[in-house]
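Have a look at the structure below, then the notes.
The values are calculated or read from the model by the stated rules, or taken from the named source; none is laboratory data. Note that this is a predicted model, so its numbers are computed, not measured. Glycine gets a Cβ as well: all are built from the backbone with ideal geometry, and neighbour counts include every protein chain shown. Note: areas computed on protein heavy atoms with side chains; ligands, DNA, RNA excluded. Shrake-Rupley method; radii C 1.70, N 1.55, O 1.52, S 1.80 Å.
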Amino acid sequence: MEKERIGFIGVGLMGHGMAKNIVTKGWPLTVMGHRNRAPVEDLIAAGVSEAKTARELALVSDVVVLCVTGSPQVQAVIDGPDGLAAAGRELVVVDCSTSDPSVTTRLAASLAEKGITLVDAPLGRTPADAAAGTLDVMVGGADAVIARIRPVLDAFAGRVIHTGPTGSGHTMKLLNNFLSMGYAALYAEALMIGEKSGVTPQVFDSVIRGGRMDCGFYQTFSRWFLERDPNAHKFAIRNGFKDMSYLASLANSLGAANPVGAAVRNSFAQAVGTGHGDDYVPMLTDIVKDLNRGDAS
């Protein structure tokens, strides 16, 4: 059976590894050019074609995977004279970004009128997992559509969880990131208080590691404050702030109080507001420590 033609937009930290797995596992792949040419050139060397616009990419694709920052970027590549929808053909668009669920459901309804099926399939784990083909994918959409795109998802995923209808994947991703960004904020404050009390990061780690508070997130996060490894956990603080802002919007739309979510968001807002938006999430430990220098009294 001939494999469908795949388009890919967003070959950045996560997307490069995902796209590389798709092409090396046998799918015809076209990518849209990226401001960082290194991953594009690497993919071209592996046999990938390049399109200059989203419309051009849509004309040669059956399924298009998006791995961009969030809802504004998704809408930007879909709408307009050079967007995916301008190609005027039936497509399945798989949004692997962390997007606002309310925007996703509205966009899915409007695209359906144009013969385009939107599926939300946000990601869990790290760029290293993207390269290894072991990402977690939370996918929302109709059963038949999920069955159609499942082989493509399996090319870069170790686990694929069907979360329900369109929009549920992005909802679950926000819940997942609420937990992970919450851990980051807790670790950063705990380490700061510990150091001010004379408890070193090494002592902190010796208690947490291997105990009930240990987890995969901690193991990559801790490589910054223990080893100063900047590449262990490559997720920008400004993206964490964006995700917590989406969560706040979701909670507000539901009439739900989320005081813990607000506290986590404020921790990330403070980091962004002090000029650290492009730092990676584990570096929150340094930011919180620096903001708490001086006499504790």
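Some observations on this one:
- Residue pairs meeting the criteria (Cβ under 9 Å; at least 6 apart or on separate chains; first among the basic types (Lys, Arg), in region 241-252; second assigned to a helix (DSSP H, G or I)): Lys242/Phe268
- Residue, surrounded by the fewest Cβ atoms within 10 Å (Cβ to Cβ), within region 1-31, restricted to residues that are of a type in the set (A, V, I, L, M) and farther than 11 Å from Val65 by Cα: Met1
- Residues of region 262-271 that are in contact (Cβ under 8 Å) with a residue 24 or more places away in the chain and surrounded by fewer than 20 Cβ atoms within 10 Å (Cβ to Cβ): Ala263, Ala269.
- Residue among Val11, Val23, Val31 that is in a loop (DSSP other than H, G, I, E, B), within 21 Å of the chain's Cα centre (by Cα) and closer than 27 Å to Ala232 by Cβ: Val11
- Scan of region 144-158 for residues that are assigned to a helix (DSSP H, G or I) and not basic (Lys, Arg), ordered by number: Ala144, Val145, Ile146, Ala147, Ile149, Pro151, Val152, Leu153, Asp154, Ala155, Phe156
- The C-beta contact set for region 194-223 (first residue over 24 Å from Arg293 (Cβ atoms), second residue in a helix (DSSP H, G or I) and open to solvent by 80 Å² or more (accessible area, probe 1.4 Å), distance under 9 angstrom, 6+ apart or interchain) comprises Arg209/Gln219; Met213/Val207; Cys215/Tyr183; Phe217/Leu179; Phe217/Tyr183; Tyr218/Tyr183.
- Residue check, Gly124 open to solvent by less than 20 Å² (accessible area, probe 1.4 Å) and modelled with pLDDT under 95: yes
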